[in-house]
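**Student:** Below is one structure. I have some questions about it.
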C-alpha cells in the first residue's frame, strides 16, 4: 500500500511539480504573407456575339466551331436575291433621275436664250415707243412676252433643283441598298476563335439573333471571387496561381489586372480579374479554376507556426504557458501563410505558445524557444 502511494506521489510530482522543458513560441504582431484562395471561371474581355444586320435566309456558313478567324473575314452569307433586284431597280431610277436633271438643265438654257431675246426685243421696242414709231398696245404685248420668258426661266431653275433633289434621293437609295447587299456577307469584327455556332444553312436569320460567338484568345481572363475581407490585401499586379479543374496537376501563373468595386449582397464576395501568363493549350470559356493569390496582410497581426495548433473535442486551440503551467486556449483562425497561420481571437501579444505534443491541463512547464 505504501509503495502504491509513493508511486502515485512520484507520478503526480512528475506531472504537476517537476516542470517539463517544452518548445515554445512567443506571440507577436507582424505582417505575414497571406494565401487568399477562391473559385474562378475562365472568360474573355473581348467576346463577340455575331449577328445579322438584315433579315434573310442563311445561304452559306464558311467557318465552324474552333476555327480561327481574322478581322473582316467572311463568316457566312445570306440570300441576297431580293435585295439585288431592289438594287437594280434603284440603280435604274438613279439613272433616270440623272437624265431628268440633264434634260431640265438643257431646257433652262433654251429658256435663258429666249428670255435674253425677249429682253433685247423689249429694249428695241421701248426706243421705238419713245420715237412714236409703235403704238403703246404693241409695246405692251412685247413687254408681256418678255415677262413670260423670265417666268418660264425661273420655273426651269426650280425644276432643276427639284430634279437634283430627286436624283440625290435616288442615289442615296442606291447606296443604302448596296450597303444592305454588302451586309448579307457577315464578316468577323475581331481576330479570334469561333467558340460556338448556333445556326445552320437555311435558317432564317434576323437582326439580333445569334449566329456564332468569337473569342479573342489574347483577351482571356480568369474571373475569380473572394470574400470581401480579403479586399484590403489585394492590388493590381500581384501574382497568383491558377489551377484548372480539367488539369489540377498543371498550375498556371497569373497576375491581377483589376479588382471589382462591387460586392455581391448575397455571398459578400467581390470579383478579381486575372491575366494568365500562358494560355492553356486546350481551353473553354466558362471552365472552372481555383485561384490562389500571394498577398500580404494589410495590417500587422498575430500569427503562430501551424504545428502549434491542437484540437480538443473538435475545437481548435493552443497550449499557452501562464505562471509556469500549461493551459488550453481555444482560438479563432484567419488566413494561412506557408507554415504560419493567423490567430484572430483567443491569443494576445506576448503569450507563450507551447508545443501541443504531450500537453495536459495545468502541467508544469519550462518554455524553450522554438529551434533552440
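**Student:** With labels modelled as points extended 7 Å from the Cα through the Cβ direction, what inter-label distance (nm, one decimal) is found for residue 59 paired with residue 187?
**Tutor:** Label-label distance for residue 59 and residue 187, simple model: 1.7 nm.
**Student:** Using only Cα atoms, what is the ratio of the radius of gyration of the chain to 2.2 N^0.38 Å?
**Tutor:** Compactness ratio reported: 2.19.
**Student:** The stretch 152-225: D in µm²/s via Stokes-Einstein (Kirkwood Rh, Cα pairs, 20 °C, 1.002 mPa s)?
**Tutor:** Value of D from the Cα-based Kirkwood radius: 124 µm²/s.
**Student:** Oh, and also: In Å³ and rounded to a whole number, note down the convex hull volume per residue for the Cα atoms of the stretch 81-182.
**Tutor:** Roughly 69 Å³ of hull volume per residue.
**Student:** To the nearest whole percent, what portion of all C-alpha pairs in the stretch 164-203 is separated by more than 10 angstrom?
**Tutor:** 79 percent
**Student:** Can you sort 70, 132, 275 by how many other beta carbons sit within 10 Å, fewest first?
**Tutor:** Placing the least packed residue first, the sequence is 132, 70, 275.
**Student:** Okay, next question. So if we plug the beta-carbon distance of residue 138 and residue 110 into 1/(1 + (r/R0)^6) with R0 = 22 Å, what FRET efficiency do we get, rounded to 0.05?
**Tutor:** Here the calculated transfer efficiency is 0.25.
**Student:** Could you check the spin-label model distance between residue 162 and residue 31? Points 7 Å from the Cα along Cα→Cβ, value in nm.
**Tutor:** So the two model labels end up 8.4 nm from each other.
**Student:** Ranked highest first by average number of other Cβ atoms within 10 Å, how do 84-91, 37-44 line up?
**Tutor:** Ranking, from highest mean packing down: 37-44, 84-91.
**Student:** Something else: Looking at the P(r) of the stretch 175-289, how many percent of alpha-carbon pairs lie beyond 20 Å?
**Tutor:** Summing the P(r) tail past 20 Å for the stretch 175-289 gives 59 percent.
**Student:** On to the next question. Given the Cα-Cα distance of residue 279 and residue 313 and 0.36 nm per residue of separation, how much length would full extension add, in nm?
**Tutor:** Length gained, residue 279 through residue 313: 7.6 nm.
**Student:** In bins 5 Å wide, starting from 0, what share of all Cα pairs of the stretch 35-145 does each bin hold, as a percent?
**Tutor:** Each 5 Å bin holds this share of Cα pairs: 2, 8, 9, 8, 7, 6, 6, 6, 5, 5, 5, 4, 4, 4, 4, 4, 4, 3, 2, 1, 1, 1, 0, 0.
**Student:** Tell me, how many Å apart are the Cα centres for the stretch 138-194 and for the stretch 19-90?
**Tutor:** 46 Å
**Student:** Suppose R0 equals 30 Å. What FRET efficiency, 1/(1 + (r/R0)^6) with r the Cβ-Cβ distance, do residue 255 and residue 48 give to the nearest 0.05?
**Tutor:** 0.75
**Student:** If packing is taken as the mean number of other Cβ atoms within 10 Å per residue, what is the order of 110-116, 183-189, highest first?
**Tutor:** By packing density, highest mean first, the sequence is 183-189, 110-116.
**Student:** Now for a different question. For residue 247 and residue 102, what is the calculated FRET efficiency with R₀ set at 51 Å and r taken between the beta-carbons, to the nearest 0.05?
**Tutor:** It comes to 0.10.
**Student:** Okay, next question. For the chain, what is the calculated [θ] at 222 nm in deg cm²/dmol (nearest 500), taking -39500 (n - 2.57) for each run of four or more DSSP H residues and dividing by its residue count?
**Tutor:** Helix contribution divided over all residues of the chain: -10500 deg cm²/dmol.
No value in this document is a laboratory result; all are computed from the given coordinates. Bear in mind the structure is a predicted one, so any value in this text is a computation, not a measurement. Neighbour counts run over all protein chains shown; Cβ positions are idealised from the backbone, glycine included.
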